[in-house]
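What follows is a set of notes on a single structure, which appears directly below.
The values are calculated or read from the model by the stated rules, or taken from the named source; none is laboratory data. Being a predicted model, the structure only gives us computed values, none of them experimental. Reconstructed Cβ throughout: ideal geometry from the backbone, glycine too, with neighbour counts over all protein chains shown. Heavy atoms of the whole protein, side chains included, go into the accessibility calculation; ligands, DNA and RNA do not. Shrake-Rupley method; radii C 1.70, N 1.55, O 1.52, S 1.80 Å.
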Amino acid sequence: MKLITGNSNLPLANAIAAYCEIPLTEAHVRRFADEEVFVEIMENVRGEDVFVLQSTGYPANDNLMELLIIIDALKRASAKRITAVVPYMGYARQDRKPGPRTPISAKLVANLITVAGADRVLSVDLHAGQIQGFFDIPTDNLYAAPVMSADILARFRSKNLMVVSPDVGGVVRARVLAKRLDNAPLAIVDKRRERAGESEVMNIIGEVEGRFCILIDDIVDSAGTLCNAAAALREAGAEDVVAYVTHGVLSGGAVARVDGSALRELVITDSIGNHDTIASTGKIRHLPIAPLLGEAIKRIADETSVSSLFD
C-alpha cells in the first residue's frame, strides 16, 4: 500500500500517514510558468495499491486538476488499484438542475475522476447521498457523526442537549447525530433563501427554550445560515448554541461573521486545509478526522468492512 498527496491539505495527509504507519510516497507536484500542473512520482508504484489524498477545496479547480493528473500518472505507472481519497468533494453542491440551462457539475467531476483512472473513491459527508450514484466505480461515503458525537459527549454531556438542523434538508443528518447523543430531542430551523449565499430565518420548529443547542451541518461556506440560525435560537430562549460542521469552506468574510455571531463555538473537521484562515479567531476549532480516514484506508487495503466503522 502506498499513500500519495497533492498540495491541498498536507497536515491531514501527514496525520493519515502517521496513523497508517506508512510514509508518504515521494512525488513532485508543481506548476509550470503558465500554471499548468506537472506531477512526477519518484518511487516505483507498479502493482501497488495506491491511495491519493487530495481535498478539492479552495482553489477548487487547481486542487481538482492536481488530483486528476496524479491519478493519470499512477495509471500510466501501472499501479494495481488507485483510490481517490477526497475528504471534501468540491462541486458536490451542484448535484441537480436548479433551473433551466444549468449544469450538474457534481456528475461531471465524478466522470472526470473515473476517466482519469481511479478505481475507487473515498470521501466524507458528501453533500447529497445521490452523488455516490454519480460514480460508476465503488464509492465509500464516510460519516463524521461518530467523531462529532464523541467530542460533544466529552464536553457537553451534562448539558440539556438538543440537536438542531439549520434547514429542512439536513434533518436526516441531525437525526443520526441525535441518536448518537442518547436520543437527544430534535429541532429544525425553517429558513427562506432569497438568493445564493444569503438566508433569512423564518421559524423554529421545536421547543428550544433552556436547551443547549447543537447545530449540525455538512458545509459552512459564508456562515450566514449558521449565524442567523444561532441568533434565532438564542432569541427563542436557547441556553447556548454550538455548531458542528464537517467541511469548513469559510469563504469571504465567514470567519469575521462567526466571530461576531451568537455562536459559542464553531467546530469543523480538518477535511479542508484552512488552518491559516481560522488562526485569527478563538471561536473556531478543528476536529481531527485522520483516524477515521486512516482506519477506512486500512480496511479498504485489507478488503474488510468499512461500514462496520459506524455500527
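Observations on the structure shown:
- Helices in the chain that qualify as membrane-span-like (whole DSSP H runs, Cα extent of at least 20 Å along the helix axis, mean Kyte-Doolittle hydropathy of -0.5 or higher) are 60-76.
- Cut-off 13 Å between beta-carbons: net charge of the residues surrounding Leu292, Lys and Arg +1, Asp and Glu -1: -3
- Rounded to the nearest 20 debye, the dipole size of the stretch 28-94 about its Cα centre is 280 debye, using +1 on the Cβ of Lys and Arg and -1 on the Cβ of Asp and Glu.
- Within the straight-line cut-off of under 12 Å between alpha carbons, the aspartates and glutamates reachable from Lys80 are Glu48, Asp49, Asp119, sequence neighbours fewer than 8 places apart in one chain being disregarded.
- Identified option (computed Cα extents along the principal axes in Å; candidates (i) 49, 42, 39; (ii) 61, 42, 37; (iii) 49, 45, 40): (ii)
- For the stretch 26-82, relative contact order (Cα pairs under 8 Å, six or more residues apart, normalised by length) works out to 38 percent.
- Residues in the stretch 226-257 that a label on Val168 would reach, taking backbone N under 18 Å of a point 7 Å out along Cα→Cβ: 229
- Measuring against 31 Å, Cα to Cα, the residue pairs Lys97/Lys191; Lys75/Lys298; Lys97/Lys159; Lys75/Lys107; Lys107/Lys159; Lys107/Lys283 contain Lys97/Lys159; Lys107/Lys159; Lys107/Lys283 as the ones spanning a longer distance.
- For Phe310 and Asn203, a Förster radius of 41 Å and the Cβ-Cβ distance give a FRET efficiency of 0.80, rounded to the nearest 0.05.
- Taking 0.36 nm per residue of separation and subtracting the current Cα-Cα distance, fully stretching the chain between Ser78 and Ala60 would add 3.7 nm.
- Cα-centre dipole for the chain with unit charges at Cβ (Lys and Arg positive, Asp and Glu negative), debye to 20: 500
- The largest accessible area among Val172, Val255, Val249 belongs to the first residue in Val172, Val249, Val255, and the rest follow in falling order (1.4 Å probe, all chains).
- Nearest-0.05 FRET efficiency for Gln130 and Asn14, computed from C-beta distance (R0 51 Å): 0.95
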